[in-house]
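Structure record follows, encoded as structure tokens.
The values are calculated or read from the model by the stated rules, or taken from the named source; none is laboratory data. Note that the coordinates shown come from a computational prediction; the quantities given were computed from them, not determined experimentally. As a convention, Cβ positions derive from the backbone with ideal geometry for all residues, glycine included, and neighbour counts pool all protein chains shown. Ligands, DNA and RNA are excluded from the accessible area calculation, which covers all protein heavy atoms including side chains. Shrake-Rupley method; radii C 1.70, N 1.55, O 1.52, S 1.80 Å.
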Amino acid sequence: MTNEVMMQAFEWETNADGNFYKNLIKNAHELKENGIDALWLPPMCKGTSDMDVGYGIYDLWDLGEFDQKGTVRTKYGTKEELLQAIDALHKEGIKVYADVVLNHKAGADFAEEFEAVMVDQNDRNKEVEAKKTIKGWTGFDFKNRKGKYSDFVWHYYHFSGVDYDENTKTNAVYRIIGENKYWNSGVSSENGNYDYLMNADIDHSHPEVKEEIYKWIDWFLDTTKVDGIRYDALKHIDYDFIEGLSNHILEKKGDNFYFIGEYWKNDEGTINKYLDETNWNIDLFDVPLHYNFKEASESGRDYDMRKIFDDTLMRDYTQNCVTFVDNHDSQPSQSLESWVKDWFKEIAYSIILFRKDGYPCIFAGDYYGIGGENKIPGKKEMLDKMIAIRKKYAYGEQDDYFDHSQVVGWVRRGEEGKSPLVVLITTADDAQKQMFVGKENKNSVFIDISGKVKEEVRIDKEGNGVFKVNAGSVSYWVKKED
Ligand code: CA
């Protein structure tokens, strides 16, 4: 299939009423009709409460089945509803990607005493006091699950670090001491070693941990029948572990199984290294492009649009690139807030939907809007139309006109019988640009199907047209149908 579109089905403030899966069942058909080919679902495992978005993961084996953390269902519904939702999406031909949180565990059942050393927040290799006995929340025995699926009990030695000492009531990053034990090495080098992110950090070099997670992933994939995985917090997990786990999955599920990673670092050099280390099996979100969108949206006419692809995966790693405009972490008041300003959203979506490269991911927070206290309306109508245009017109060679700091565009030349697609952006005043759509289109008439510019454009005998765009917007032009 070409011109596929993925959607991130949730945002941070997605309603916690437990109806998310039920709503997916209701919406599955419409999503397919509107051009969504794959859906990235929120974390499916039991978190610390029925409000937990899912990243505060408590039990891998509880998909909304056991009375744990005061709730049977997760934020999104019960296990049964989850499986029904996946089935409904599959019946519509929509692929399902699971958000898998393997970096840490939260909401431990009991605290344990063990040796640990406090380290510098900003340099995790630097010890700031002598090792001592602390009491940390690292014991997980899942009493209410009663050993169903797995009787594995987690202890402090299955983790590499915690952020709290119960004995002294101290918040700090503590590295857990043990024989041949240290932070996992194949992680981001930010903060010296970025193995530790939050909660009880899983030690992926421990053989019992590896065995348990392999056992779990087999069960999870057989149970849910998902088509791909989004690895959460990839930069904090040893890449040897991820490579091994991914290869294990590919052996079981075949080469079409899909992996997407969240490598949240605005640094193209690191991404290259990461793709190399994981044998290019994993697609990565184009974080640099997201940050370029953010900067352009904030700088307005002062941003040089010729730099919009600088250091992006869309430019340098087109085969491993998932493009997005915003996500649940970049939305307002979240941990990595870097929201793209409203006026630039349509421009950003035109770039991820109408260009040749990248697998675009539509954010539910842009599509349905952001809920909670500070609501932001969605752009469903605009995005449905843009997805339809991607599917109908965004084909063929791509001629770029990134020749001006504020007025840029490109032409998709189309394929057999299909109209070319002309995209013209300005971050400043009303503008126009002469663009070539092919001699075969001479004398034809083009219209702006974004609906903004009302004038039609007639193509001259050389195949050129002078296309227009209104101040601070994007227009997309196709051949007028008779
Ligand atoms: Ca880690």
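Tabulated results
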| item | result |
| --- | --- |
| Single residue of the stretch 213-235 satisfying the filter (part of a helix (DSSP H, G or I) and open to solvent by less than 10 Å² (accessible area, probe 1.4 Å)) that is modelled with the lowest pLDDT | 234 |
| One residue from 466, 437 being within 23 Å of residue 386 (Cα to Cα) and open to solvent by less than 30 Å² (accessible area, probe 1.4 Å) | 437 |
| Residue, farthest from the ligand (Cβ to nearest atom), within the stretch 150-191, restricted to residues that are open to solvent by less than 40 Å² (accessible area, probe 1.4 Å) and small (Gly, Ala, Ser) | 150 |
| All strands (runs of 3 or more DSSP E) inside the stretch 82-142 with 2 or more residues being among the β-branched types (Val, Ile, Thr) and more than 25 Å from residue 234 (Cα to Cα) | 132-139 |
| Subset of the stretch 342-391 (residues that are assigned to a helix (DSSP H, G or I) and acidic (Asp, Glu)) | 342, 346, 366, 381, 384 |
| Filter pass, residue 244 being touching a helix residue (DSSP H, G or I) at 6+ places or on another chain (Cβ under 9 Å) and more than 27 Å from residue 362 (Cα to Cα) | yes |
| Any chance residue 246 is more than 22 Å from the chain's Cα centre (by Cα) and either more than 16 Å from the ligand (Cβ to nearest atom) or at pLDDT 95 or above (or both) | no |
| Number of the condition not met by residue 376 [criteria: (1) open to solvent by less than 40 Å² (accessible area, probe 1.4 Å); (2) within 25 Å of residue 342 (Cα to Cα)] | (1) |
| Qualifying residues in the stretch 441-463 (those that are open to solvent by 30 Å² or more (accessible area, probe 1.4 Å) and assigned to a strand (DSSP E or B)) - the one farthest from residue 415 (Cα to Cα) | 458 |
| Where residue 201 falls short, out of the listed (1) within 11 Å of the ligand (Cβ to nearest atom); (2) assigned to a loop (DSSP other than H, G, I, E, B); (3) touching a His at 6+ places or on another chain (Cβ under 9 Å) | (2) |
| Pair list, Cβ < 6 Å and 6+ apart or interchain, from the stretch 170-185 residues that are part of a loop (DSSP other than H, G, I, E, B) to residues that are open to solvent by less than 50 Å² (accessible area, probe 1.4 Å) and within 16 Å of the ligand (Cβ to nearest atom) | 177/116; 183/160; 183/193; 183/195; 184/195; 184/204; 184/238 |
| Pairs with Cβ under 8 Å, 6+ apart, first in the stretch 367-384 and on the phi > 0 side of the Ramachandran plot, second assigned to a strand (DSSP E or B) | 369/376; 369/377 |
| Any pair with Cβ under 7 angstrom, 6 or more apart, that starts in the stretch 102-114 at a residue that is of a type in the set (S, T, N, Q) and ends at one that is within 16 Å of the ligand (Cβ to nearest atom) | 103/197; 103/201; 103/202; 103/232; 103/233; 103/236; 103/237 |
| Number of positions in the stretch 39-57 that are over 19 Å from the mean Cα position of the chain (by Cα) and crowded, with 23+ Cβ neighbours inside 10 Å | 2 |
| Any strands (runs of 3 or more DSSP E) falling wholly within the stretch 3-69 and containing at least 2 residues that are of a type in the set (A, V, I, L, M) and at pLDDT 95 or above | 6-8, 38-40 |
